[in-house]
Amino acid sequence: MPGRNATATRTTAAAEGDVTVLLIGMRINHFWAVHHWLPVFLAMPRMLRELAKDPERGLLNHVLLTASPRTYYVVQYWESKEKLYKYAHSPDTFHHRAWAIINRKERKGQVRGHVGLWHEAYVVPEGSYESIYADMPAFGLAAAHGQVPLERRGKRARDRFAYRSDKAAGERAEKRVAAPGKAPDGV
């Protein structure tokens with residue numbers, strides 16, 4: 001990571017509450033069909049630049065990765081699934097225009113088989129994720145949510161999984177509050 005210094009210590013991500021993660025990518029099925037896959041390949045950096053210019057849209061951080069010479073993907077960390085959905089469906093974004101083009105070409109039978117597209121979205125509740133970074137600059141989840149010394153969340157993975165923030169405790173308390181005319185959970 002250019003320009004980032006490694007820390008000579010062990011840290012963990014400072015994430016609190018639910019974590020929203022999107023894995024999104026493409027696979028080049030036919031290398032010779034450059035005119036089909038190159039526009040797709042170039043679309044993601046453009047969307048990432050668009051999101052970087054408007055932090056209110058909710059993208060916290062991303063990591064560009066390759067799985068093979070054919071497969072490229074991005075791990076994205078979002079503030080919430082609601083902000084992810086809002087961006088995906090907003091008609092004023094490049095994402096919306098790109099999908100309109102893809103859908104139009106697909107209806108004409110022009111994209112089948114040349115390039116594969118995929119995504120997986122996860123909302124991970126607190127207590128279901130943990131991380132450790134040894135002699136690393138902020139990366140992945142820690143780059144999205146910040147870093148804290150390992151001791152603050154626990155030296156062992158089971159301790160970090162067991163960590164509960166005040167934010168999450170408040171969310172659990174809100175869920176236990178009964179709606180009008182209904183009994184609280186567990187009663």
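What follows is calculated from the coordinates using simple rules that are stated; it is not laboratory data. The model shown is predicted, which means the values in this text are computed figures rather than measured ones. As a convention, Cβ positions derive from the backbone with ideal geometry for all residues, glycine included, and neighbour counts pool all protein chains shown.
Within the chain, the longest run free of exposed loop sites, counting chymotrypsin sites (Phe, Trp or Tyr not before Pro) that sit outside DSSP helix and strand states (H, G, I, E, B) and have at most 15 other Cβ atoms within 10 Å, spans 33-187. Its Cα centre serving as origin, segment 46-91 has a Cβ charge dipole (Lys and Arg +1, Asp and Glu -1) of approximately 160 debye.
The trypsin sites (Lys or Arg not before Pro) of segment 81-157 meeting both criteria, a DSSP state outside H, G, I, E and B (loop) and at most 13 other C-beta atoms within 10 angstrom of the site's C-beta, are Lys108, Arg112, Lys155, Arg156.
Label sites at Arg27 and Lys155, each approximated as a point 7 angstrom past Cα along Cα to Cβ, lie 4.4 nm apart. A P(r) calculated from all alpha carbon pairs of segment 19-124, with 5 Å bins opening at zero, reads 2, 12, 22, 24, 20, 13, 7, 1 percent.
Sorting the Cα pairs of the chain by distance into bins of 5 Å, from 0 upward, gives 1, 7, 12, 15, 15, 14, 12, 9, 7, 5, 2, 1, 0 percent per bin.
Helices in the chain, meaning DSSP H runs of at least 4 residues, each add -39500 (n - 2.57). Divided by all residues, the mean residue ellipticity at 222 nm is -11000 deg cm²/dmol. Note on segment 19-124: with charges restricted to the Cβ of Lys and Arg (+1) and Asp and Glu (-1), its dipole about the Cα centre is near 460 debye. The label-point distance for Thr71 and Leu117, in a model that sets each label 7 Å from Cα toward Cβ, rounds to 1.9 nm.
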